[in-house]
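J.: Structure incoming, see below.
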Amino acid sequence: MRRVSKLFSNGTLALKEMTLDVERGEFLSLLGPSGCGKSTALRIIAGLGEASSGDIDWPASQLDSKGKPKGDIGFVFQEPTLMPWETVFGNVHLPLKLQGASKTAGRDNVMATLASVGLADFHKAYPRELSGGMKMRVSIARALVTRPKLLLMDEPFAALDEITRQKLNDDVLRLWRESGITVIFVTHSVFESAFLSNRIVVMKARPGQVYADMPIETSSIRDANYRTSEEYRATTDTVSRALQEAIMMGATQQ
């Protein structure tokens with residue numbers, strides 16, 4: 001992102017000259033208070049919204065003839081947004097269907113992707129038969145089935161209970177390690193960002209700008225034991241202080 005600003009028609013300035021570089025293979029979390037422009041930035045990166053000013057620069061290999069990003073992006077929304085009349089298989093197959101692939105041609109790919117999120121045995125189930133966590137797994141599988149280079153996740157676990165959220169954090173971290181995909185993850189949870197990320201960008205309150213850019217390095221595997229470690233506690237303390245400073249700075253400028 002190069003000096004990206006976003007002014008909505010109602011006069012709300014959501015982003016102001018936000019600049020951000022994302023490296024290949026990173027797990028980057030955008031952390032900030034509600035309304036700071038995290039989701040707006042994510043949608044502009046995805047091409048789901050346009051910047052009022054500034055530029056989004058992509059590697060040339062990922063641009064189409066009109067300068068827009070190709071289908072190398074997977075997006076996981078805050079809600080699963082599944083089609084209730086389709087099975088789990090049908091929901092995950094949708095992006096392939098839009099690319100012209102039949103269910104027969106895409107079957108192996110869909111089943112392998114469902115297996116990666118632990119839902120291969122539920123491919124014939126309907127969304128109404130699934131728990132909230134399982135629905136989100138289907139949403140993640142749908143985003144991954146096209147083998148994107150960039151996965152964008154917009155507070156996908158915010159509505160889930162803590163146990164389910166931790167399990168899905170573990171799963172997303174495993175998928176990231178196994179695939180080498182680049183992830184940009186929007187959250188307002190200090191604990192979630194510190195557990196998942198190898199880099200956290202803290203945003204100050206509206207209009208959204210980068211307040212702190214924090215690499216997160218750990219000496220151990222991020223698992224259940226890491227959640228109770230002194231290293232994790234110290235990381236969350238550091239990130240929490242940066243977030244509080246960003247919130248205070250935003251308040252003084254309003």
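The values are calculated or read from the model by the stated rules, or taken from the named source; none is laboratory data. It should be emphasised that the depicted structure is a prediction, and the values quoted were computed from it without experimental measurement. Cβ placement follows ideal geometry from the backbone for every residue including glycine, while neighbour counts extend to all protein chains displayed. In case anyone asks, the SASA skips ligands and DNA or RNA and just uses the protein heavy atoms, side chains included. Shrake-Rupley method; radii C 1.70, N 1.55, O 1.52, S 1.80 Å.
J.: Kindly indicate the residue of the stretch 219-254 that is farther than 26 Å from Ala41 by Cβ and among the hydroxyl-bearing types (Ser, Thr, Tyr) and also surrounded by the most Cβ atoms within 10 Å (Cβ to Cβ) among those meeting that condition.
T.: Step by step, filter the stretch 219-254, then rank; the result is Tyr232.
J.: Still on this model: For the stretch 97-108, which residues satisfy the criterion of being open to solvent by less than 50 Å² (accessible area, probe 1.4 Å) and within 27 Å of Asp170 (Cβ to Cβ)?
T.: Of everything in the stretch 97-108, nothing turns out to be open to solvent by less than 50 Å² (accessible area, probe 1.4 Å) and within 27 Å of Asp170 (Cβ to Cβ).
J.: Output the residues belonging to the stretch 1-42 that are touching a Ser or Thr at 6+ places or on another chain (Cβ under 8 Å) and hydrophobic (A, V, I, L, M, F, W, C).
T.: If the condition is that a residue be touching a Ser or Thr at 6+ places or on another chain (Cβ under 8 Å) and hydrophobic (A, V, I, L, M, F, W, C), then Met1, Val4, Leu7, Leu13, Ala14, Leu15, Met18, Val22, Phe27, Leu28, Leu30, Leu31 are the ones that fit.
J.: What's the number of the condition Arg147 fails, among (1) touching a Lys or Arg at 6+ places or on another chain (Cβ under 6 Å); (2) in a loop (DSSP other than H, G, I, E, B)?
T.: Condition not satisfied by Arg147: (1).
J.: In the stretch 185-194, is there at least one residue being at pLDDT 95 or above and under 30 Å from Gln99 (Cβ atoms)?
T.: Yes; the residues of the stretch 185-194 include at least one that is at pLDDT 95 or above and under 30 Å from Gln99 (Cβ atoms).
J.: Looking at (1) open to solvent by 80 Å² or more (accessible area, probe 1.4 Å); (2) more than 22 Å from the chain's Cα centre (by Cα), find the lone condition where Lys149 falls short.
T.: (2)
J.: Further question on the same structure: Take the conditions under 30 Å from Ala112 (Cα atoms) and hydroxyl-bearing (Ser, Thr, Tyr) and apply them to Ser189. Does it pass?
T.: no
J.: I'd like the residue in the stretch 109-144 that is in a loop (DSSP other than H, G, I, E, B) and closer than 12 Å to Phe89 by Cβ and, out of all such residues, is most open to solvent (accessible area, probe 1.4 Å).
T.: It comes out as Lys124.
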